[in-house]
Amino acid sequence: QVQLVESGGGLVQAGGSLRLSCAASGRTFSTSAMGWFRQAPGKEREFVSSIASSGYTVYADSLKGRFIISRDNDRNMVYLQMNILKTLDTAVYYCTARSYGSGSFKVDEYDYWGQGTQVTVSS
């Protein structure tokens, strides 16, 4: 069983930055792929980024160059650095984990989810 707890969300002005953190419990963290998804009001949950157990990263095309995912296997932590934030980035951001080492952009291929953290970008 894996438990995920996100933190770091909040209110920021457009053009600003935020760093989300995700604390993971469980002995299999280092062999698990991790991901970030987000869900805006009235919209479906969408892929943001993933990082494989190998460290290989994937980003949604629209976010490349602004968001950076990283992991610290010693601390069982995953991070999402978000730069040059836009109002369209406003959403609840979820940390997620797979039982496999390779990442995925598909919601239903992740096994564990955090409770989410709200990110609000004001104009």
Which numbered condition in (1) in contact with a Phe, Trp or Tyr (Cβ under 8 Å, 6 or more places away or on another chain); (2) closer than 17 Å to Tyr110 by Cα; (3) aromatic (Phe, Trp, Tyr) is the only one that Tyr56 fails? (1)
Would you pick out the residues in the stretch 42-56 that are in contact (Cβ under 8 Å) with a residue 24 or more places away in the chain and not charged (D, E, K, R)? Phe47, Val48, Ser49, Ser50, Ile51, Ala52, Ser53, Ser54, Tyr56
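State whether one or more residues within the stretch 62-71 are modelled with pLDDT of 95 or more, closer than 18 Å to Val107 by Cα and among the hydrophobic types (A, V, I, L, M, F, W, C).
Yes, that holds for at least one residue.
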Suppose the filter is assigned to a loop (DSSP other than H, G, I, E, B), in contact with a strand residue (DSSP E or B) (Cβ under 7 Å, 6 or more places away or on another chain), more than 24 Å from Ser123 (Cβ to Cβ) and open to solvent by less than 60 Å² (accessible area, probe 1.4 Å); does Ser104 pass it? yes
Subset of the stretch 84-96 [open to solvent by 40 Å² or more (accessible area, probe 1.4 Å) and of a type in the set (S, T, N, Q)]: Thr87
The stretch 31-81, subset over 21 Å from Val5 (Cβ atoms) and aromatic (Phe, Trp, Tyr), residue surrounded by the most Cβ atoms within 10 Å (Cβ to Cβ): Tyr59
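The values are calculated or read from the model by the stated rules, or taken from the named source; none is laboratory data. Just so it is clear, the structure is predicted and the values come from calculations on it, not from any experiment. Methodologically, a virtual Cβ is constructed for each residue, glycine included, from the backbone with ideal geometry; neighbour enumeration extends over all protein chains shown. Just so you know, the surface numbers come from the protein's heavy atoms only, side chains and all, with ligands and any DNA or RNA stripped out. Shrake-Rupley method; radii C 1.70, N 1.55, O 1.52, S 1.80 Å.
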